[in-house]
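The values are calculated or read from the model by the stated rules, or taken from the named source; none is laboratory data. Note that this is a predicted model, so its numbers are computed, not measured. Cβ placement follows ideal geometry from the backbone for every residue including glycine, while neighbour counts extend to all protein chains displayed.
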């Protein structure tokens with residue numbers, strides 16, 4: 001008994017559809033695996049690589065500074081690194097002596113200017129358990145993606161009058177600034193250089209502003225988007241900036257601090 005031709009054609013069509021569905025399912029599974037691997041790479045592997053690299057750089061800087069011995073004494077830094085002998089705050093009690101006024105900002109800093117992308121300082125935030133290199137510039141490839149914190153070119157250097165402004169990733173590539181939203185007024189932030197250790201004290205936070213709000217890193221930091229946030233008087237400021245909300249780059253989160261004390265190394 002012959003099978004009708006129409007039945008054979010129907011079976012062939014069903015077989016083709018099943019084959020197409022199977023191939024489509026394989027492609028979707030493959031794409032899902034690739035996307036999962038990309039997410040793992042971005043969220044885990046880049047963090048691991050950057051953190052390990054940043055830790056090695058911190059250790060290298062510490063060895064380098066130890067090998068230089070009393071850098072500040074040799075190069076005449078000492079308390080003058082903040083703006084003149086006797087004008088720096090006393091480390092024995094933050095706030096017991098005020099930071100030097102802006103008139104001392106013209107004191108000569110013996111340290112050479114850091115080279116572009118050079119790691120030249122260490123940022124420590126005890127509340128967050130953070131200890132990370134500070135490099136010149138905010139290049140993603142050569143600074144931020146290495147797990148470092150980047151210094152905005154044109155802003156003040158550590159301990160100098162003006163605004164020492166820094167940027168760091170909130171997520172991926174070491175994400176050093178992931179939890180700076182947890183900082184509260186009075187928290188300490190230390191910046192170590194070959195000459196001295198500068199202790200800044202967290203003063204204010206701007207939870208969200210636009211990515212183009214350049215006012216937050218000016219010499220006297222003040223938001224141009226939300227002018228009620230910031231300062232009006234010259235001083236010795238520290239600014240930390242990162243992206244917000246997490247896993248986006250739409251807005252910026254800003255934390256400000258003021259220089260509280262300094263001690264020569």
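Whether any residue in the stretch 89-109 is surrounded by 13 or more Cβ atoms within 10 Å (Cβ to Cβ), within 22 Å of residue 218 (Cα to Cα), at pLDDT 50 or above and within 19 Å of the chain's Cα centre (by Cα) is what I want to check.
No, the stretch 89-109 has no match at all.
Would you mind stating whether residue 115 is over 17 Å from residue 193 (Cα atoms), surrounded by fewer than 19 Cβ atoms within 10 Å (Cβ to Cβ) and over 14 Å from the mean Cα position of the chain (by Cα)? Give the steps one after another, and end with the answer.
Working: over 17 Å from residue 193 (Cα atoms): no; surrounded by fewer than 19 Cβ atoms within 10 Å (Cβ to Cβ): yes; over 14 Å from the mean Cα position of the chain (by Cα): yes.
Here the answer is no, as residue 115 does not meet what is asked.
I'd like to know if the stretch 155-163 contains one or more residues that are touching a residue at least 12 places away in the same chain (Cβ under 8 Å), crowded, with 18+ Cβ neighbours inside 10 Å, at positive phi and part of a loop (DSSP other than H, G, I, E, B). Give the derivation first.
The initial filter retains those residues of the stretch 155-163 that are touching a residue at least 12 places away in the same chain (Cβ under 8 Å), namely 155-163.
Adding the requirement that they be crowded, with 18+ Cβ neighbours inside 10 Å leaves 155-163.
Subsequent filtering for residues that are at positive phi retains 159, 162.
Next, from what is left, pick out any that are part of a loop (DSSP other than H, G, I, E, B): 159.
Yes.
So, residue 184, is that one in a loop (DSSP other than H, G, I, E, B) and surrounded by fewer than 19 Cβ atoms within 10 Å (Cβ to Cβ) or not? Write out each step before concluding.
Working: in a loop (DSSP other than H, G, I, E, B): yes; surrounded by fewer than 19 Cβ atoms within 10 Å (Cβ to Cβ): yes.
So residue 184 fits the description; yes.
Here are the criteria: (1) closer than 18 Å to residue 47 by Cα; (2) surrounded by fewer than 19 Cβ atoms within 10 Å (Cβ to Cβ); (3) more than 11 Å from the chain's Cα centre (by Cα). Tell me which single one residue 145 does not satisfy.
Answer for residue 145: the failing condition is (3).
Within the stretch 111-123, does at least one residue satisfy the condition of being outside any loop (DSSP other than H, G, I, E, B), modelled with pLDDT of 95 or more and touching a helix residue (DSSP H, G or I) at 6+ places or on another chain (Cβ under 6 Å)?
Yes, the stretch 111-123 contains a residue that is outside any loop (DSSP other than H, G, I, E, B), modelled with pLDDT of 95 or more and touching a helix residue (DSSP H, G or I) at 6+ places or on another chain (Cβ under 6 Å).
Residue under question is residue 175, and the condition is that it be surrounded by fewer than 22 Cβ atoms within 10 Å (Cβ to Cβ) and part of a loop (DSSP other than H, G, I, E, B); does it hold? Can you show your working first?
Numbers: surrounded by fewer than 22 Cβ atoms within 10 Å (Cβ to Cβ): yes; part of a loop (DSSP other than H, G, I, E, B): yes.
So residue 175 passes the test.
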